[in-house]
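The values are calculated or read from the model by the stated rules, or taken from the named source; none is laboratory data. Because the structure is predicted, anything quoted here is derived from the model rather than measured. All Cβ positions, even for glycine, are placed from backbone atoms using ideal geometry, and neighbour counts span all protein chains on display.
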Ligand SMILES: [Zn+2]
């Protein structure tokens, strides 16, 4: 993990989840995301202090634990103010919501109550909306990147866009098979929005910084459209959500072996089914207390 200088104002920290740092001329810093846990938070703080900066604010792009688990330590150590969208704030402040929604709203079993699915929780001091904000005297643009998570944002400063999990590197698309998305229509809108951006550098949380985001967007969009097509082809006969999940995963070489993986894939498949229902391309029916989806 290193603090990499992009310009006098903008840095990024390479990690399992890439982070951003925007500073002003007084050496005050605004961190974008925090990594998964206290240990990561400590390493991040060491880098920031080692460069002579004072941490004043933290923008959390979305509520997934790998992005906000380091925040409580950083807030405790520095008094930094926390910024997030209203929708993500609810989960960031009450992190049980993440395993709770993954387990259909029922109280989750212990394999979902670990740091990968549940961050320690931190108070969000400022709710943000898209547009330019002045966070602790540091000006950045909040960009609406909903889709992967329903209230996800990106942060732009000095020609650099930190684009969170809106797109992931093509090799990560291949590794995951079907990338996690919660709101498919918004994810597709976000691909279009990213294509129109004029930033000179893009930094996805999972992947390397790139000056041309085109191939990355293409890889993500293609995989979403291929998965939509796969699901529609499967639904020439009525199938349950569980059957659709099993078939779609098999076709992508995905092998589900634990409850966490199953819950994440289930959320993704439900996002596709919700999208197709709203588009009027599939319908639901009920037989023998089972819910079936099929093409209309
Ligand atoms: Zn995420």
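At-a-glance table
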{"read-out": "Top-ranked residue in region 132-148 [being in contact (Cβ under 8 Å) with a residue 60 or more places away in the chain and within 16 Å of the ligand (Cβ to nearest atom); ranked as nearest to residue 212 (Cα to Cα)]", "value": "145"}
{"read-out": "Region 174-193: number of residues that are in a helix (DSSP H, G or I) and either within 14 Å of the ligand (Cβ to nearest atom) or more than 22 Å from residue 14 (Cβ to Cβ) (or both)", "value": "11"}
{"read-out": "Residue 133 vs. criteria in contact with a strand residue (DSSP E or B) (Cβ under 9 Å, 6 or more places away or on another chain) and closer than 30 Å to residue 265 by Cα", "value": "no"}
{"read-out": "Residue satisfying condition, being away from the ligand (no atom under 16 Å from the Cβ) and within 30 Å of residue 9 (Cβ to Cβ), within set 207, 214, 151", "value": "214"}
{"read-out": "For residue 253: the one exception among (1) exposed (fewer than 13 other Cβ atoms within 10 Å of the Cβ); (2) on the phi < 0 side of the Ramachandran plot; (3) outside any helix (DSSP H, G or I)", "value": "(2)"}
{"read-out": "Among residues of region 194-224, those that are in contact with a strand residue (DSSP E or B) (Cβ under 9 Å, 6 or more places away or on another chain) and in a helix (DSSP H, G or I), counted", "value": "2"}
{"read-out": "Region 24-49: number of residues that are in a loop (DSSP other than H, G, I, E, B), in contact with a helix residue (DSSP H, G or I) (Cβ under 8 Å, 6 or more places away or on another chain) and touching a residue at least 60 places away in the same chain (Cβ under 8 Å)", "value": "2"}
{"read-out": "Residue match in region 72-82 (condition: within 14 Å of the ligand (Cβ to nearest atom), surrounded by 24 or more Cβ atoms within 10 Å (Cβ to Cβ) and in the same structural domain as residue 36 (by TED's automatic domain parsing))", "value": "no"}
{"read-out": "Condition check for residue 254: outside the structural domain of residue 185 (by TED's automatic domain parsing) and in contact (Cβ under 8 Å) with a residue 60 or more places away in the chain", "value": "yes"}
{"read-out": "Lone unmet requirement of (1) within 22 Å of residue 130 (Cβ to Cβ); (2) part of a loop (DSSP other than H, G, I, E, B) for residue 21", "value": "(2)"}
{"read-out": "Selection count, region 101-113, where residues are over 17 Å from the mean Cα position of the chain (by Cα) and either within 25 Å of residue 144 (Cα to Cα) or within 16 Å of the ligand (Cβ to nearest atom) (or both)", "value": "1"}
{"read-out": "Qualifying residue in region 121-129 (condition: assigned to a loop (DSSP other than H, G, I, E, B), within 19 Å of the chain's Cα centre (by Cα) and under 17 Å from residue 20 (Cβ atoms))", "value": "yes"}
{"read-out": "Residues within region 50-71 that are touching a residue at least 60 places away in the same chain (Cβ under 8 Å), within 10 Å of the ligand (Cβ to nearest atom) and in contact with a helix residue (DSSP H, G or I) (Cβ under 8 Å, 6 or more places away or on another chain), tallied", "value": "4"}
{"read-out": "Some residue of region 81-91 being closer than 24 Å to residue 4 by Cβ and in contact with a helix residue (DSSP H, G or I) (Cβ under 9 Å, 6 or more places away or on another chain)", "value": "yes"}
{"read-out": "Those residues of region 83-100 which are within 16 Å of the ligand (Cβ to nearest atom) and either surrounded by fewer than 16 Cβ atoms within 10 Å (Cβ to Cβ) or assigned to a helix (DSSP H, G or I) (or both), in sequence order", "value": "87, 88, 89, 90, 91, 92, 97, 98, 99"}
{"read-out": "Test for residue 167: is it at pLDDT 95 or above, more than 16 Å from the ligand (Cβ to nearest atom) and surrounded by 23 or more Cβ atoms within 10 Å (Cβ to Cβ)", "value": "no"}
